[in-house]
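Down below is the structure, laid out as structure tokens.
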Amino acid sequence: RQTVHARDERVTRLEESHSSGLGVRVLAGGAWGFAASALRDEREVERVTALALEIARGSATLRARQVALAAEPVVRTRYRSPRRIDPFGVPLAEKAELALGVNALLRAEPEIGVAECGLGAWQRLQHFASTEGARIATDLVRTWGQARASAVGAGDSQTRSLAVNPRHAGWEHVVAADLPGHAAQLAREAREKLHARPGPVGELDLILDPLHLCLTIHETCGHPSELDRALGWEANFAGTSFLTPDQLGTLRYGSPAVSLVADNTLPVGLASTGFDDEGVAGQRWDIVRDGLFVGYSTSREVAGAIDEPRSRGSARADSWASVPIVRIANVGLEPGDATLDELVADTRDGILIQGMGTYSIDQRRLNFQFGGDRFTRIENGRLTEPLQRVTYQGTTPEFWNACDGVCDRAHWEPNGVLTCGKGEPMQYGQMTHGAAHARFRRVRVGSAK
Amino acid sequence: MIERERSQAVLEQALAEARADDVELALRSTRAATTRFAGNAITQNVETLRPGLAVTAWFGRRSGTASTDQLDPQSVREAVRRAEASARVAPEDPETLPTLGPQRYLEVPSFDPAVREFGPARRAEAARQMVEVARERGLSLSGAVTLREGSHALATRNGLRAYAAESAVTGSCTADAGTGSGWAAAGHRRPERVDFAALARRASEKALAARDPIEVPAGDWSVVLEPAALAELLQWITWSWNARDTYAGRTFLSGRVGERLLGENVTLRTRPREPDLMALPFGWHGLPTVEDTWIDRGRIVRFFHDRWTARRHGVPATGWPQGLALDGGAESPEALIGGTRRGLLVTRFWYIRSVDPMRLLLTGMTRDGTFLVDDGRVVGAVKNLRFNESPLRALSAVEAMTPAAPVSGRMLAPSARLSAFHFDSTTGF
């Protein structure tokens, strides 16, 4: 992993880290044990394996039932995520220069008090092997970045961000984002936000852009559709789910305009790892189809709880040091047939929300409050003025049932989450949520004062 | 963990290999184990050993960092070379300071060797004890028993040498009574100080009391916050008081340094030698952990300064505070409730996030035991609520407090009654 971070005219972080180790998961006596170590000599391999077995035996003393794994074809293969320019072949000095250059352009603009630019690249080489006979080698590369401009004045500070949204891609992804070329616009939008009026209070129509929807989908659909969570396995930490298995096929999660599809075959998707960390191939399946709740992300252990014969291949560990757990897949909103201009033109009283801001949701994934990064008032079909400090609240199914328009594939973008926290001990997982702009009618706005 | 002698050997090797003008090394190793259960059965049971060496090298004012988790001599040598290679091409940093020299550290009792006896069988047994307590009451229990054993060592070219071992055992559990839930948690560096069965009893009693909750209206409420809830609010103050951002105009403290921002009865100190807290004798880049007052009768008198910003403003650089302790009061928990005419008793908060950093406006949910207090008595459970509130405003309205108690070993905090706390909406459970 390489991380470059600059604040104003200083590089504050220029770091390269290497990590390697072995994780062993053992099923014995119908229960799991997992142990891992960074030390990889033969003696340590034996110790770790024996420890995993000892831990499994401890698990078996407090077991509800025997763990049963859904069948999966055994494969011996390789997977390599797409890339054109090896990010580790790009000199660090060039990355540092890029970050400082972006900051210089931001600071050259009036009222920009703080400029920040971060760039990152990560590569994982993993060998998975099982006593069932699977042997899978994967090579994944991921790049990302961000520029942030904070406009400061009159006792206030407002920040606008531009994301080089994380994806499985090489350095060409960072180059194509053209952070320097967008610096002036970023600074202008931060200043506009500083001088903008606070958002209104009331029930308004919201049009949410793809980057904003990434987080909305993640919190309101991704997490509640993790089957282990729905079965109560996360109850002591992140909570449970209102999407209980008895509601599969019957709960009206959203309007007919809403279809949320999990796609772990999307090449740039962060959950597209070829095969998950149980050796299950990446797949594509429905979570919500035409508004109806129809599916979960699953692992080999939980698939049987909803009578599915096969895992959806969504069990991942965040590193060799962590045990695979059910993870949100690349859950995305299927495109519709509208254009953004059409949605705006058909909105009498609303706000266009771009980018990510504050986010909080209850422990069953119902009551939420979200913010954003850029807000523009919509009045009588036109974008009129910038706003600041906009938040909105809702209850998940009511919110998604208020969706009455989704833009077409030309507006669709895949945006990734790098630090999805889950589990005890905490793991930081990654996944991508693609979406096009979508409109939600009469949403409660502005009560967070 | 890596014993002191071996730590020193690794660090001395790295220093000897380095050709840079200045070097800072951080070596740590952690053995971490978690036995996790849900629905009265173990669902996940893990143990990981993870060392790490971070090398920062300077050539003049240029620096670079490299890290590895392999500690054999070849890997250490390579980490040093990578850090130096990065440093050679890095831009100059005008804020470069020499690394720290020798420091004096407090004697902080951070390690109990008994942690080594808390193996897989004992952790499973602790989980079983907790589950049995819940089962006897007809409840479903989820929770985790964790162990951490580790070491931290630092060394610089200018002579800083630091070493500390640490241990931590924690237990937490959430009891499910169908229409209500309850939670309890504890942590200590000494395993025998965590009473797992007591945690399960407490969570179970709360869950049973939390059944059949009613909905109460959102709005401003008088609240009694249990220590965990109060600690979560307080933590956000300490996470948000970064001097660099403050002087750049980006925090709640910008333009308000020295003002009284909280109630006069709010005093926050660091007490790292407190036996029930888990602190280390040093922190950020080897800066000593201090015993000091950070909030003095409502005024923030000390906050995080990096070394450059500290020098610029003529204050000591102390790093992030460890061993936080909020001064409590003398009321008993019963008296706190008894003095509440009408209010809400909150066990804990969940999913707290910043809404407006300039006002430290936060949002979050109540969770796992929220109760209505009427005329000095707990009269029933309520459905959970979302708050939008600033800890600055909330902690300016502290009416009464109990003595402080440990919150999972991270902080000492009392229960407190606050006269006004804003809830914005409710949820359906």
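Coordinate-derived values only; no laboratory data. Only a predicted model underlies this, so the values are computations on that prediction, with no experimental measurement involved. With ideal geometry, Cβ positions are generated from the backbone for all residues, glycine too; neighbour counts draw on all protein chains shown.
Remarks
- Of the DSSP H helices in chain A, those whose Cα atoms cover at least 20 Å axially and whose Kyte score averages -0.5 or more: A:42-60, A:92-107
- Neighbour counting of Cβ atoms within 10 Å sorts the residues A:T131, B:T318, B:T30, B:T366, fewest neighbours leading, into A:T131, B:T30, B:T318, B:T366.
- Per-residue ³J(HN,Hα) for region A:306-315, Karplus 6.51 cos²θ - 1.76 cosθ + 1.60, θ = phi - 60°, Hz, x for Gly and Pro: 10, 6, 8, x, 9, 5, 7, x, 10, 9
- Approximate spin-label separation A:D408-A:T384, in nm, with each point projected 7 Å along Cα-to-Cβ: 3.0
- Residue by residue along B:88-98, Cβ atoms of other protein chains within 10 Å of the local Cβ number 4 on average.
- Relative to one another, the C-alpha centroids of region A:369-389 and region B:294-365 are positioned 33 Å apart.
- Links that overshoot a 31 Å alpha carbon limit, given the list A:K422/B:K383; A:K95/A:K193; A:K193/A:K422: A:K193/A:K422
- Simple label model, 7 Å out from Cα along Cβ direction - B:V301 to A:K449, nm: 3.7
- Karplus-derived 3J(HN,Hα), 6.51/-1.76/1.60, for each residue of region B:359-372, Hz, glycine and proline x: 10, 6, 7, 10, 10, x, 10, 7, 6, 6, x, 10, 10, 8
- Pairwise Cα inverse-distance average, inverted: Kirkwood Rh of chain B (Å): 23.6
- A straight line joining the Cα centroids of region A:34-97 and region B:372-423 runs 43 Å.
- Tail fraction, Cα-Cα pairs, the protein assembly as shown, threshold 41 Å, whole percent: 35
- Converting phi to 3J(HN,Hα) with the Karplus coefficients 6.51, -1.76 and 1.60 and the offset θ = phi - 60°, region B:319-332 yields x, 6, x, 10, x, 5, 9, 8, 4, x, x, 10, 6, 7 Hz in sequence order, with x at every glycine or proline.
- Viscosity 0.890 mPa s, temperature 25 °C, Stokes-Einstein D of region B:365-419 from Kirkwood C-alpha radius, µm²/s: 186
- Gain upon complete extension [B:R122, B:Q13; 0.36 nm per residue less C-alpha separation]: 35.4 nm
- Average partner coverage of B:68-79, which counts Cβ from other chains inside 10 Å: 3
- For region B:278-393, the spread of Cα positions along the three principal axes, ordered from largest to smallest, is 54, 33, 25 Å.
- Calculated log₁₀ intensity ratio I(q)/I(0) where the Debye formula runs over C-alpha points of chain A, q = 0.07, 0.10, 0.12, 0.14 Å⁻¹: -0.38, -0.77, -1.08, -1.36
- Gap separating the Cα centres of region A:401-449 and region A:164-234, nearest whole Å: 7
- Once the Cβ-Cβ distance of B:E291 and A:R65 is raised to the sixth power relative to R0 = 56 Å, the FRET efficiency obtained is 0.60.
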